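S.K.: I have a structure I would like to understand better, so I am pasting it below and will then ask my questions one at a time.
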Amino acid sequence: MARLTLTLEQATYYLLVEDYLPAGTEVVDFSLKTTQYGLPEEEQTEQLNFDPRRPYDKGWGWWLFTQPRIYDDHVSWASAYLPAGTYELTYLLTVLQPGEYRVLPARAWMFYFPETQGNSAGSIFTVQP
């Protein structure tokens, strides 16, 4: 499970967030029928919808963002308005290849004011067989 924590000192409008994937991994996309193959019907709907028994499974504040867009190299979220605070966005990764990989920093910026931006630190991601 990948977690991205975003802290805003003040309310922000039209925020975009991108988190880059390490090489050797892919995002598990639960909206695809191939990902859900073999799960019972009730588990499929639990993964797609809000589950009141586990309200923080998708992180904290995820309901203020659009559904994540999954690309080959990153995952992105957008929000029209975010009050000041700390938010946690999560997604599930699957490992394809063992090795040592460089991870690009996550990035957040205001769409109409791109000079207002922030980013995380890059890191090294190690997958052992």
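S.K.: Which residues, taken from the range 67-101, are modelled with pLDDT of 90 or more, aliphatic (A, V, I, L, M) and buried (at least 16 other Cβ atoms within 10 Å of the Cβ)?
M.R.: Result: ILE70, VAL75, LEU82.
Yes/no matrix, rows are residues, columns are (1) assigned to a loop (DSSP other than H, G, I, E, B); (2) on the phi < 0 side of the Ramachandran plot; (3) among the basic types (Lys, Arg); (4) touching a residue at least 24 places away in the same chain (Cβ under 8 Å):
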site: SER79; (1), (2), (3), (4): no, yes, no, yes
site: THR86; (1), (2), (3), (4): no, yes, no, yes
site: LEU89; (1), (2), (3), (4): no, yes, no, yes
site: GLN97; (1), (2), (3), (4): yes, yes, no, yes
site: TYR112; (1), (2), (3), (4): yes, yes, no, yes
site: GLU115; (1), (2), (3), (4): yes, yes, no, no
site: PRO129; (1), (2), (3), (4): yes, yes, no, yes
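The values are calculated or read from the model by the stated rules, or taken from the named source; none is laboratory data. What you see is a predicted model; the values in this text were computed from it and never measured. Please note: Cβ atoms are built from the backbone with ideal geometry, for glycine as well, and neighbour counts cover all protein chains shown.
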